1. Of the conditions (1) out of contact with any helix residue (DSSP H, G or I) (no Cβ under 9 Å at 6 or more places or on another chain); (2) at pLDDT 85 or above; (3) part of a helix (DSSP H, G or I); (4) of a type outside the set (Gly, Ala, Ser), Asp412 clears all except one; give me its number.
2. Would you please name the residue that is modelled with the lowest pLDDT, looking only at residues in the stretch 108-132 that are closer than 14 Å to Ala85 by Cα and open to solvent by less than 80 Å² (accessible area, probe 1.4 Å)?
3. Within the stretch 376-385, identify whether any single residue is more than 22 Å from the chain's Cα centre (by Cα) and surrounded by fewer than 23 Cβ atoms within 10 Å (Cβ to Cβ), and answer yes or no.
4. So if I check each of Leu137, Leu155, which one is within 14 Å of the chain's Cα centre (by Cα) and either within 15 Å of Thr194 (Cβ to Cβ) or buried (at least 23 other Cβ atoms within 10 Å of the Cβ) (or both)?
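The values are calculated or read from the model by the stated rules, or taken from the named source; none is laboratory data. Keep in mind that what you see is a predicted model, and the values were worked out from it rather than measured. Cβ atoms come from the backbone with ideal geometry, glycine included; neighbour counts cover every protein chain shown. Note: areas computed on protein heavy atoms with side chains; ligands, DNA, RNA excluded. Shrake-Rupley method; radii C 1.70, N 1.55, O 1.52, S 1.80 Å.
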Amino acid sequence: MTARESIDSEQDDYRPRERSSRPLPSDPYRDDPDAATVSDASIEAEHFHTLDSKWWKRPSIYMLLPAYLVHTVAVGALIAPGLNAILTMVCRAYYMQPDQLEVIEDISRDCQTADVHAIVSRFTMIIGLIQGILAALVSPKLGALSDRIGRRPVLAITAIGPVAHATIFVATMKSASPHAYRWILIMPIVEGLTGSMAAMTLIVHAYATDCTPPLKRAHAFGLFRACLFCGIAFGPVFGGLLIKLTNNLMSVIYVALVMQTLFFLFILFVLPESVSRERMIDAEEVQCIGTEFDTARVRDLHYYLRRLNFNFLQPLRVLWPNDGTRPAIKKNIVVLAAIETIVTGCGTGVTMTVLLYAEYTFHWTSVETGLFISLASVTRVIALLVVLPVVMVVYKRLRPHAQHEVGASKADIFVIRLSVICDTLSFFLLASATNGVEFVIGGALGALGSLGSPTIHAAITKHVPKESTGAVLGALSLMNSLSGIVAPIIFSNIYASTVASNPKMTFFAAILIFAVACVLSLFVTEHLGGSLFDSGDGLDMEDRPRRGGNEQQSVELETESA
């Protein structure tokens, strides 16, 4: 064998050395260029679809976006009627009234009492806790499962929950028993076991990751986020108009059930799969290696106690991978995950207290509160559909080769820092508002804070191999679910304890928490060079062929001189 043949053979058979006891099956930045940079055509080729195949057979976010919008509108349409139905059924049980469900405007004033509202408040809190706890346990497992069996079947599983939700709601409301409202507790169990909205969000983001180049992922995630806010903004309006036209509360629930069923059928039979068979096999190998590694451990008492108490936190291990990943990459993943948890948890926990504060301070009614929610959602949609794409387009023109960079880009860092700063300023304005108009302006400024979550998700996907995308997004979903359980309890207790003396204390607590997120954003490192791992001499796609050529030339010179 000549020196040239020897070098060619070594380059063809090159594999990074084993990084740890739990290695990944391949170096994603070498075998899978999309982990750092890809084109749309290369993504389609990876998904085993030819470039001349029909468009409806190729995975694309534009295939999923319209169906997802239908789903979010159905969810938004059930917000007010669902709460009204629970209030009516609880009131019926409280007074043992006849089986009769009334529309929102005709609820008896006897239901608007402190006792009835206390029962409804405790009941909805139980619903939220059940759904949140189950979703926290299930959603990260669904994310990892989607890496092994594909996004479409797991997304179909998450779509079963809303269908079951509306079906159980209809059956409960049709029951003649005055205590039938207790059967509503089945709904959060079903939705929690199917992952709830948290799991669906992470799967659609994983789907967008599969069929979108890294530089466009923040925009893609922003589009799905915009669909969610569109549903929250226009769903209640759609449901209210439907109730006015039919004068029947059940009509909006029937329509929502049909819309959710159509969404489920679309996912099951129409949506193309975005994960290739090869990537499923790679993810399955990673799972098998992890299982063998765990099986080899000594099964002592400490082992079983640890699994018993903290097994549900095991998916978080993907945020600090033990596979030779560079320390700078791991640090970025942890910091970004912490910022996402803080922003999402604080935003979820403080929402209800913000509305209660406005009604208590400015004497808002349900009309003003509904307009505030719709206006805040519309401004978020504008921010996601206009501001975020503009930032990414400008950055792409300034840095045309930015998609060759590993990790968070400068545009990602800028948007994340801007979002947490705007959230902090928003709560300053809310706390200092002296009238309803200033309060609305403060809420509108918080719309720019909605840019942070999709950008963080997009940045994190550029820090991990593609076969681990679902797992890392599942870990984020777990952290968001846990924060969604803890944060509302904290902010509700703060508001309840200080509403008589200083109702603004909730806003000051939110400002302090977002200030922590601002500090954490300073520790995110911009566009790291090289590959993900310490092995392979830190070479990426462009460096490796160039280095091979140089080595080959040096061998030729040595051969000629000999």
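1. Checking Asp412 against (1) out of contact with any helix residue (DSSP H, G or I) (no Cβ under 9 Å at 6 or more places or on another chain); (2) at pLDDT 85 or above; (3) part of a helix (DSSP H, G or I); (4) of a type outside the set (Gly, Ala, Ser), the one that fails is (1).
2. So the residue we want is Ser108.
3. no
4. On the way: Leu137 fails: within 14 Å of the chain's Cα centre (by Cα).
The conditions single out Leu155.
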